[in-house]
Every structure is written in structure tokens, then in C-alpha cells.
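For reference, the structure discussed in these notes is given below.
The values are calculated or read from the model by the stated rules, or taken from the named source; none is laboratory data. Everything quoted here is computed from the prediction, not taken from an experiment. Reconstructed Cβ throughout: ideal geometry from the backbone, glycine too, with neighbour counts over all protein chains shown.
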Amino acid sequence: MDLINAYKTFLNNGKTERECVTAALEMAQAKGFRDISTYDELRAGDRVYVVNHEKSVALFVIGQKPLEEGISFVTAHIDSPRLDLKVRPVYEKDGLVYFNTHYYGGIKKYQWLTMPLAIHGVVFRKDGSRADIVVGEDEDGPSFCISDILPHMAQEQMKKTAGDFIPGESLDIVIGLNTEAGKDNEGRKAILDIIRKEYKIEEEDFLSAELEVVPAGRARSLGFDSSMVMAYGQDDRVCAYTALQALLDLDTVPETTACTLLVDKEEIGSNGMTGMDGELLPNLVSEVMDRLSQYSSLALRRCLKNSRMLSSDVTAAYDPLNPDLYDKDNASFMGRGVSFEKFTGSRGKSGSSDANPEFIASLRKILDDAGVKFQINEMGKVDVGGGGTIAKFAARFGMQVIDCGVAVLSMHSPWEITSVKDIESAYSAYGAFFRA
């Protein structure tokens, strides 16, 4: 259970992308990894990382072959569905003080009501200084929540569909109370005074803040048998952690350079400077090629084309209480090993990269030879829905890529469920892939 306990610690310490990168670097440095800026040149066996804006990071173990022959990537995203504070978040309405939010990624909005919430993130002041914020995790300190209508008065609300049960503009969190009747905005002023005193943040500093609202609380073992993990953010940090740990535990110099790549923005389309839909991947690889004295535009293109990637992302676990959503013969079951998805997308494979069968055959051999249990699945019935991953952004470079990750029950909910056996299987699968 050492792997699982360490995984839960990673989840507790990494509820935002920046926190995940910080935790990953602490783990990597303890295993001898160094920032690429400390190297003038690299050689086989070196362990190096490249950070991008504190929210994505690539970690490499340099192999014996030239990079032009390709890299073995395991790539996961470290962003998760959540609520973000708006740039002007503080307001008071009829005595209650709120933070105004905008949800991030695909959520069921009603699931976020009346549960303890915490705020994690960073605030940058005009002078360039920063304040790192974590508030709401201490059970003896302040916490936050989104209120709901009592059932006695919810007749009209209950007539609405789940999607309309609460509008996005109403996902505002309660942060204080004005008890002075007739004195409008006294509560707002009092809350801003507390924030100014405790965190040295002025109201205008929210204009340059990145504050994320997440479920408060620690990762938990689930079930009398402790066979599962229940936690926020397992999509996709369950794959991020196992991919990271598999790379850190490589104890020999691989023939092919191995890389764990942790990226941002997957939940909103992989856009932006820290997501995969752009020049992130070639930029990171170019830094390594340069210090190996192997860089040229053509060599970079050949490197990416000759690379292979496990797009390490979660999939939907078969739900026995909702069997009609799944093709049971092609579903992923909890506890039966890491899951491959030949294609993702929705309905007619829209938005999918669709892995080549020869690549799948080579992966079957790698895992069978290593004794790693795995399964191959589709996400739900054909017309039910689906989802996208980063695989298509890697495939655009011509590399072989397939989705490979852990099955998750209650995906995108505030508390997601995974199997201990599947977490262990993913770790073993990624390690076997790096060593092959």
C-alpha cells in the first residue's frame, strides 16, 4: 500500500496545476532530477526536467539512442473540473457576502451545492510579489460552501432538469455575513479587511489572481476492504502520479529516452500556453535536443514522428447501477487492470486520433511480457456520448499514440472513485512501457 498512500498524499498536496507541478518537482529532485537550466550539455542517464509557466512540466531520463529515433512519452493532464473566482469576485447581497465564480470544465453543477469547499491558488501583486493561498482545508479554520433551497420551498426548483437545477451564475460561494441591518456592504468591507490583514491582499489584487475553488478534505480509502480510493481530482491525477512515479523509479539507463509529461488545460480543450494544443511539446523537446547537441528543425520533426505516447488519461468505469449506458462487452471494469482506448471522441469517433493496430499489438506484448493486467474498452455505447483527450494533439506530429489509463467511477464529480488494483496496474504498465 506504499504506492497508494503516497498517491493519496500527492492528491492532498496537489489540488491545482501549480501544486501538482510543485509536488512533482519535489519528488523528482529527491530522485536526482535537475532543472535543465543547470546543464550545459546532457548525456545518457541524465535525469532532467523542463517547467513551463509552473503549470506543466516534462521530466526526462535520457536514453542511449539519439532523440531523432524517438522518445517514449507517458502524458497526463493535471487540471481538473472546478470553480474559478472571477476577476472581481467579492460582493454582498442582502446581508450575505459571496465570491463570484465561473466553473471550469465539465461538471454537474448541482453536485457542488452544500459541501465544504476550499480555495487554492496564487495572487500576484502589482509589485511582482505573490501570495500562495490555501484556505478551507483546516477543519478548525474557515470553510466555504454554495447554499441551496430547502426542500420545503423547492417545488419549482424540483421541476427543472438537472442541467437547469442551478444556473452557472448562481454557483457563488458564501464567505461572510453582514449582521448590521441597514448598513449595506458592511459585511463586504469586513471580509476584505480580513483578507487584507491575513493575506496582505488588496481588493484590486484579485485582478491578477488565479484562485480555484475545490472540494475541501483529504483523499480517503473507500470500502470496508479499502479496495478503492475516493478523492477530488483523480481525473487525471491518478494517471499523472503513476506516470511520474514510474519514471522516477527507472533504475537503469533506457535505450530510448523516457519522458513523463504533465500538462494543463485538457478539461477545456488543451488550449493556451500550458496545454497540448499548441507548441508546448516541440518547445520542451527542443530544449533537451539542444543540450544534447542534436537539435535541428528536421531532427525535431523526426523525433516527434518516431516517438510513441501513452496518452495517460482516465476512462469511464462500468457502473452496475446504470448498465444501459455501456456496451458491457467493450466496457472497462474497476479492478481489472489499466485500460486502453483505441479511440475516444463521441458518437462517430468525432475528435479521436484512433490508434493503429500495429501499435496496440506491440503494447499487448510489452504488458504481457511484464505480467501486467490490462483491458481494452470504449467509453459507453456509441450514441450515448464520449469524451476527448490529448491523444489527437500528439498524433498531429505523426507519432504513435493511444489512450491508456485508470477507470473512474463518478468521473468529474467532486469525489471520484478508483480501484487500488488499477492504480497499481497503471504504475506497472507505464514502467514496462518506459523499459521496453
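Could you go through segment 205-222 and let me know if any residue there is closer than 26 Å to LEU42 by Cα, in contact with a helix residue (DSSP H, G or I) (Cβ under 9 Å, 6 or more places away or on another chain) and not polar (S, T, N, Q). Within segment 205-222, not a single residue is closer than 26 Å to LEU42 by Cα, in contact with a helix residue (DSSP H, G or I) (Cβ under 9 Å, 6 or more places away or on another chain) and not polar (S, T, N, Q). Taking the stated definitions as given, is ALA44 over 22 Å from the mean Cα position of the chain (by Cα), more than 24 Å from VAL214 (Cα to Cα) and either surrounded by 21 or more Cβ atoms within 10 Å (Cβ to Cβ) or modelled with pLDDT of 95 or more (or both)? When the stated conditions are applied, ALA44 passes them. Residue check: LEU321 meets all listed conditions (1) buried (at least 22 other Cβ atoms within 10 Å of the Cβ); (2) without any contact (Cβ under 8 Å) to a residue 40 or more places away in the chain; (3) among the hydrophobic types (A, V, I, L, M, F, W, C) but one, namely (1).
Comparison of TYR98, TYR103 shows that the only residue that is within 16 Å of the chain's Cα centre (by Cα), of a type in the set (Phe, Trp, Tyr) and in a strand (DSSP E or B) is TYR103. Residue under question is ALA58, and the condition is that it be in the same structural domain as LYS392 (by TED's automatic domain parsing) and at pLDDT 95 or above; does it hold? Against the criterion (in the same structural domain as LYS392 (by TED's automatic domain parsing) and at pLDDT 95 or above), ALA58 qualifies. Selection of segment 267-283 for residues being within 15 Å of PHE73 (Cβ to Cβ) and either in contact with a Gly (Cβ under 7 Å, 6 or more places away or on another chain) or surrounded by fewer than 22 Cβ atoms within 10 Å (Cβ to Cβ) (or both) yields PRO282, ASN283. Across segment 67-94, the qualifying residues are those that are in a strand (DSSP E or B) and among the hydroxyl-bearing types (Ser, Thr, Tyr), and the one among them that is surrounded by the fewest Cβ atoms within 10 Å (Cβ to Cβ) is TYR91.
Looking across segment 151-178, the residues that are among the small types (Gly, Ala, Ser) and within 30 Å of ALA190 (Cβ to Cβ) come down to GLY168, SER170, GLY176. Residues that are surrounded by fewer than 20 Cβ atoms within 10 Å (Cβ to Cβ) and touching a Ser or Thr at 6+ places or on another chain (Cβ under 9 Å) were ranked within segment 412-423; the one that is farthest from SER227 (Cα to Cα) is HIS412.
Within segment 338-371, the residues that satisfy the criterion of being surrounded by fewer than 21 Cβ atoms within 10 Å (Cβ to Cβ) and among the aliphatic types (A, V, I, L, M) are ILE360, ALA361, ILE366, ALA370. If you filter segment 397-411 down to residues that are of a type outside the set (Val, Ile, Thr) and under 19 Å from ASP225 (Cα atoms), you find that the one that is surrounded by the most Cβ atoms within 10 Å (Cβ to Cβ) is ALA407. The residues listed here are ASN52, ASN5, ASN13; of these, the one that is under 26 Å from GLN294 (Cβ atoms) and polar (S, T, N, Q) is ASN52.
Does segment 399-420 include one or more residues that are of a type outside the set (Gly, Ala, Ser), more than 30 Å from TYR110 (Cβ to Cβ) and over 21 Å from the mean Cα position of the chain (by Cα)? Within segment 399-420, one or more residues are of a type outside the set (Gly, Ala, Ser), more than 30 Å from TYR110 (Cβ to Cβ) and over 21 Å from the mean Cα position of the chain (by Cα).
Looking only at residues in segment 378-393 that are more than 19 Å from LEU244 (Cα to Cα) and at pLDDT 90 or above, which one is surrounded by the most Cβ atoms within 10 Å (Cβ to Cβ)?
Filtering segment 378-393 down to residues more than 19 Å from LEU244 (Cα to Cα) leaves 378-388, 392-393.
Checking the rest, the ones that are also at pLDDT 90 or above come to 392-393.
Numbers: LYS392: 20, PHE393: 24.
The residue in question is PHE393.
Checked against the criterion of being within 22 Å of SER410 (Cα to Cα), in contact with a strand residue (DSSP E or B) (Cβ under 6 Å, 6 or more places away or on another chain) and charged (D, E, K, R), segment 75-83 has at least one qualifying residue. Every condition in (1) in contact with a Leu (Cβ under 8 Å, 6 or more places away or on another chain); (2) touching a residue at least 60 places away in the same chain (Cβ under 8 Å); (3) part of a loop (DSSP other than H, G, I, E, B); (4) at negative phi holds for THR389 except the one numbered (1). Per this entry, LEU171 is not counted among residues that are more than 18 Å from GLY136 (Cβ to Cβ), in contact (Cβ under 8 Å) with a residue 12 or more places away in the chain and of a type in the set (A, V, I, L, M). The residues listed here are MET289, MET334; of these, the one that is surrounded by fewer than 23 Cβ atoms within 10 Å (Cβ to Cβ) and touching a Cys at 6+ places or on another chain (Cβ under 8 Å) is MET289.
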